[in-house]
Every structure is written in structure tokens, then in C-alpha cells.
Amino acid sequence: MSTQKTPQTLFEKVWNNHVVRPQTDMTPAALYIDLHLVHEVTSPQAFTMLRQRGLKVRRPDQTFGTMDHSTPTTPRNAFGIIPVLDMQASAQLDQFTKNCEDFGIPMYSLGTENQGIVHVIGPEQGLTQPGMTIVCGDSHTSTHGAFGALAFGIGTSEVGHVLATQTLLQYKPKTMAIRVEGNLIDGVVAKDIILAVIAKIGVGGGTGHVFEYMGPAIRGLSMEGRMTICNMSIEGGARAGMVAPDETTFDWVNGRPYAPQGEDFDKAVEFWRTLPTDEGAQFDAEVVLNADELIPMITYGTNPGMGMPIDGRVPDPDKQASVSERMAMDKALTYMGLQPNEPLIGKKVDVVFLGSCTNSRIGDLRLAAKMLDGQKVADGVRMMVVPGSQQVKAQAEAEGLDEVFKAAGAEWREAGCSMCIAMNGDQLAPGQYAVSTSNRNFEGRQGKGGRTFLASPLTAAATAINGHITDPRTMYVPEMA
Ligand SMILES: CC(C)[C@H](C(=O)O)[C@@H](O)C(=O)O
Ligand code: SF4
């Protein structure tokens with residue numbers, strides 16, 4: 001009898017480790033959830049359901065809350081408090097505090113030292129660890145997959161289910177390998193990789209799949225770069241995105257407050273080393289990209305798949321293969337106020353937004369600060385710098401990055417989702433153009449009538465200086481990568 005085990009992918013290992021009840025032809029699998037993150041927007045009805053049914057939270061110790069979406073990012077008042085002027089937001093935040101208190105869930109409230117965007121604080125606190133299952137009522141939960149966790153967004157009724165049972169009903173997704181060969185050239189960063197992936201496969205390209213990003217270019221990325229990439233997996237239609245854990249991962253997790261400590265950490269690492277995809281394991285699909293050929297990317301349209309190399313021209317709807325593609329592109333270009341074949345370099349912008357769970361970590365801020373050091377944001381351009389968490393903010397201030405941004409004329413704000421979603425007072429005015437480091441460019445996403453170009457922090461900083469869309473390679477400081 002052969003003792004050889006069938007080679008497994010990273011996803012399959014994590015999935016199999018968490019199946020409580022296997023999937024059948026008729027029913028989904030029940031998966032055990034190691035970490036459940038909650039925020040103020042998608043949890044209220046779930047808590048209402050618990051109250052109505054007289055249920056408790058099954059594992060409050062594996063549940064964690066933070067305030068992020070509807071929190072203002074305006075400066076603190078004389079008492080060090082961030083005032084919430086919007087009545088609805090204020091009521092939502094109060095309700096969230098009450099829900100977490102009533103059910104015994106630890107939570108970071110507005111302005112406190114660890115508060116921030118849910119997908120920034122999980123990794124930062126060491127809550128996010130390799131091999132875990134992680135869910136949150138938020139599509140960008142895919143971010144946590146950068147650690148080799150299986151992490152994905154769930155709906156509000158599922159939030160209730162996980163709160164009550166610590167399990168989730170799921171059909172097993174397929175797998176897709178996204179192999180990025182070669183090495184990035186100067187001025188090209190993780191955000192450009194993921195924008196290129198989505199431009200290649202389209203916003204529906206990953207539907208029903210979990211991505212595993214692999215290859216030398218991914219191995220060469222910092223944890224922050226890997227998080228940027230996993231974050232936008234959902235924008236390629238995927239259920240989740242993962243990167244196999246390695247030394248970069250272990251070093252990053254080591255010493256964080258909720259990470260295993262001392263000997264426990266060593267034991268954990270031993271286990272984490274068993275997680276990477278086995279030689280010969282099969283994926284259901286594969287996509288290959290070459291990092292050497294990538295240049296900075298930017299979107300021109302109203303979904304994240306409408307992206308192109310920054311030195312390209314806006315595509316012509318008439319040249320699209322199908323009627324539906326022609327119509328979609330026509331509509332997008334009309335909304336964006338762009339002409340077919342127009343170059344984007346040189347296009348004037350009104351706002352530059354550096355922030356969101358895609359690009360608001362310390363590495364993103366350092367990158368932009370290097371570009372902005374000693375420079376000025378162009379006249380007539382508003383640049384907002386919004387750290388992803390209070391910890392990122394404190395770190396940036398300790399390094400003097402806030403001074404660089406302020407001296408350049410940018411706004412230095414409190415932590416939160418901010419203009420990524422425009423539900424907290426930070427938003428574009430109708431017709432305004434923004435280069436944004438966030439992940440979504442849908443119509444009205446950053447404010448009614450606002451028009452978004454998604455790009456990297458480097459492209460954002462270069463654009464802020466010139467006041468028009470700029471290829472960061474033309475302003476590149478060598479030691480920047
Ligand atoms: C509010 C929440 C449901 C939403 C999401 O799930 O992604 C938000 O975070 C977003 O980015 O659009
Ligand atoms: S920063 Fe943007 S994408 Fe991320 S969780 Fe907040 S609203 Fe969603």
C-alpha cells in the first residue's frame with residue numbers, strides 16, 4: 001500500500017483543517033472559524049438577531065471589533081476627541097459599542113490607540129495568523145490571506161451565524177494559481193501587480209475561485225505588498241486570495257500582541273511551515289504574468305478591471321469584441337468624461353487620496369513620503385493622507401512622515417476608511433477627478449459624481465506634485481523600492 005499523500009494546495013490544507021462537517025451533494029460544509037472581525041456597518045442586524053433569539057456569542061475571545069467605515073477622520077478637538085457630527089454615524093457607533101459590551105467582544109473604539117480599518121488592525125495586532133480561517137462582514141477580508149490564512153467576506157446573516165456558532169456554511173471553492181514571474185522594475189509596486197492581474201482576467205475572472213499568488217515577484221514582496229495584492233482579489237471576482245507563509249511572514253508576525261509568544265511561537269512556525277502548496281498539487285486554473293514587463297498601472301473606467309499601463313491610451317469602445325462590452329465601456333467613459341484614445345498622463349486631477357485598506361500601511365506612507373519629501377502638492381490639488389490605523393499614524397509621526405506630508409501641503413488625518421467609501425464626510429464633489437490608492441472606482445464610490453483613477457501610492461504622490469496624472473518612473477528616487 002502506498003503511503004504517499006496526494007499533494008495539496010495551501011487552500012486545501014487550510015480548508016481541510018477546518019471542516020467540522022463535510023460538504024455533501026445537498027449541503028455545504030460547516031467550517032470552523034478561528035477569527036471573526038466585526039465593524040459597525042455590517043454587524044447591527046446580526047446582534048439584533050442574537051437578541052431576538054436569546055443567543056450568546058459562542059467565542060467572544062475569537063471575535064474582535066473596530067470602528068472604521070463611518071468614523072470621521074477630521075483632526076481631534078482641544079480635548080483630544082474626534083467629534084462625530086453626523087447623527088446617523090454617531091448612533092451607529094454608539095450601537096456598536098453597546099453591542100460589543102453586551103456580548104463581551106473586545107473592541108477598539110474611535111480614536112483609541114489601536115483603532116483603525118479592520119483589515120489593517122487584524123494583522124497589526126497579530127490576530128491574523130497563517131493557517132487560520134478568518135471572516136468579517138466585509139469583502140476586503142481577503143487582505144488577511146497574505147499570511148496564508150483562508151480569509152473572506154460574509155453577509156450580515158452569516159455574521160449572525162458565526163457569532164452564534166463560530167462556524168460557517170460554505171461550498172468548497174475552486175483554486176486558481178496566479179504566478180508572477182520575474183522581478184518588479186523600479187517605480188513599479190504591488191498595487192501595479194494586482195491592477196494588472198485584474199485588467200487581464202476582468203472583474204469576473206476569478207469567480208468561484210480562491211487565488212494563490214505565487215512566483216518570485218510575490219516572494220520578493222513585503223507583507224504589506226502581499227496584503228495590497230490579496231486585498232483586491234475580490235475585485236478580480238475571487239472568493240479569497242492567499243500567499244504561502246514564509247520567513248517574511250514569520251518575521252512580521254513575531255512579537256505582535258496577539259501572536260503566540262516564545263516557545264509557542266516556535267511551535268506555531270513549525271506548523272506554519274507545513275502549509276505551503278505541495279509540489280505537484282493541482283489548481284483548477286492558472287494565470288501567469290511577468291513582473292519585468294509591468295509598468296505602473298492606472299484605471300480609466302468605473303470598475304477595477306478597466307485598467308491600463310499608465311503610458312497607454314484610453315481604449316476605444318468601438319474596438320471591443322461584444323455589444324455588451326462596447327456599451328459598458330461607453331457608459332464608463334461618459335461617466336469619467338474621457339475620450340477614446342486619450343492619454344491619461346497629463347490629465348489634471350482635483351484630489352489625491354492616499355489611504356484605504358489597500359494602501360494605508362506604514363510602508364505605503366513611507367513610499368509616498370519619499371516622493372513628497374521637499375516637494376509641494378500642486379496648487380489647486382487637495383491631497384489627503386489617511387493612515388489605516390492609529391498605530392500606523394503613531395509610527396508615521398515617530399518617523400516624521402506627517403511633517404513631510406504637511407510641509408508638502410497635504411492633509412494629515414485620523415485613521416479610518418475615509419474617502420475610500422465616502423460614508424464618513426470625506427468625499428469628492430460631483431465631477432471632481434481623484435487619483436486614489438483605494439480599491440474601488442465604481443460610479444459615485446468616492447462621492448456622488450466623483451471620478452476615480454485607481455493607482456499606487458507612488459503614482460498618487462507623483463500626481464499630487466504635478467497636479468496631473470504622472471508616471472512615477474519619471475520622478476523616481478532610486479532607493480525608493
Ligand atoms: C461596508 C462593507 C459592506 C463594504 C464591503 O464589504 O466591502 C465596504 O467595506 C466596501 O469596501 O465597499
Ligand atoms: S477602506 Fe474601503 S475597501 Fe477597505 S474596508 Fe474600508 S471601505 Fe472597504
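Just so it is clear, none of the values below were taken in a lab; they were calculated from the coordinates. Note that the structure is predicted; figures quoted are calculated from it, not measured. Reconstructed Cβ throughout: ideal geometry from the backbone, glycine too, with neighbour counts over all protein chains shown.
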Filtering chymotrypsin sites (Phe, Trp or Tyr not before Pro) in region 137-211 by DSSP loop and by at most 15 other Cβ atoms within 10 Å leaves 171
When ranked by the protection proxy of mean other Cβ atoms within 10 Å per residue, highest first, what sequence do the peptides 79-85, 382-388, 21-27, 371-377 form? 382-388, 371-377, 79-85, 21-27
One checks the Cα atoms of region 314-371 and finds Rg and Dmax, in Å, of 16.4, 45
Antiparallel content of DSSP bridges confined to the chain, in %, to 5: 20
Out of every Cα pair in region 156-282, what percent are spaced more than 23 Å from each other? 45
Evaluated at 37 °C with a viscosity of 0.692 mPa s, what Stokes-Einstein diffusion coefficient in µm²/s does region 99-170 have when Rh comes from the Kirkwood expression over alpha-carbon pairs? 252
Taking the Cα centre of the chain as origin, sum charge times position over the Cβ atoms of Lys and Arg (+1) and Asp and Glu (-1), and report the length of that vector in debye to the nearest 20. 1000
Contour minus Cα-Cα span, residue 207 to residue 17, at 0.36 nm per residue, comes to 66.0 nm
Would you work out if region 360-422 is rounded, prolate or oblate? Take a ≥ b ≥ c from the square roots of the eigenvalues of the alpha-carbon gyration tensor; rounded if a/c is under 1.5, else prolate when a/b is larger than b/c, oblate otherwise. oblate
List the pair-distance distribution P(r) of region 299-480, using every Cα-Cα distance, as the percent of pairs falling in each 10 Å bin from 0 up to the bin containing the longest distance, rounded to whole percents. 10, 39, 34, 13, 3, 0
With 30 Å as the limit, write out which pairs from 331/393; 172/448; 347/376 have Cα-Cα distances beyond it, or answer none. 331/393; 172/448
Gain on full stretching of the segment that runs from residue 171 to residue 292 - 0.36 nm per residue minus C-alpha separation: 39.9 nm
Computed FRET value (nearest 0.05) for residue 322 with residue 429, which takes r as the C-beta separation and R₀ as 25 Å: 0.10
Among 298-308, 431-441, 245-255, how do they line up by average Cβ neighbours within 10 Å per residue, starting with the highest? 431-441, 298-308, 245-255
Can you tell me the FRET efficiency between residue 448 and residue 403 if r is taken as the Cβ-Cβ distance and R0 is 35 Å, rounded to the nearest 0.05? 0.55
Summed residue charge, Cβ within 14 Å of residue 247's Cβ, Lys/Arg positive, Asp/Glu negative: -1
How do 265-275, 110-120, 318-328, 7-17 rank on mean C-beta neighbours within 10 Å, highest first? 110-120, 7-17, 265-275, 318-328
Which FRET efficiency value, to the nearest 0.05, do you get for residue 112 and residue 157 by plugging their Cβ-Cβ distance into 1/(1 + (r/R0)^6) with R0 = 30 Å? 0.55
Extension gain (nm, one decimal) between residue 261 and residue 52, 0.36 nm per residue minus Cα-Cα: 71.3 nm
Residues meeting the amide H criterion for residue 214 (H placed from the backbone, H to H distance under 5 Å, 5 or more places apart or on another chain) are 178, 179, 180
Once both labels are modelled 7 Å past Cα along the beta-carbon direction, what's the residue 273-residue 394 spacing in nm? 3.4
Show that you can apply the helix-only estimate: for the chain, add -39,500 (n - 2.57) for every DSSP H stretch of four or more residues, divide by all residues, and state [θ] at 222 nm to the nearest 500. -9000 deg cm²/dmol
About its Cα centre, how strong a charge dipole does region 299-480 have in debye, to the nearest 20, once Lys and Arg get +1 and Asp and Glu get -1 at the Cβ? 280
Whole-number Å³ per residue for the convex hull built on Cα positions in region 1-294: 165
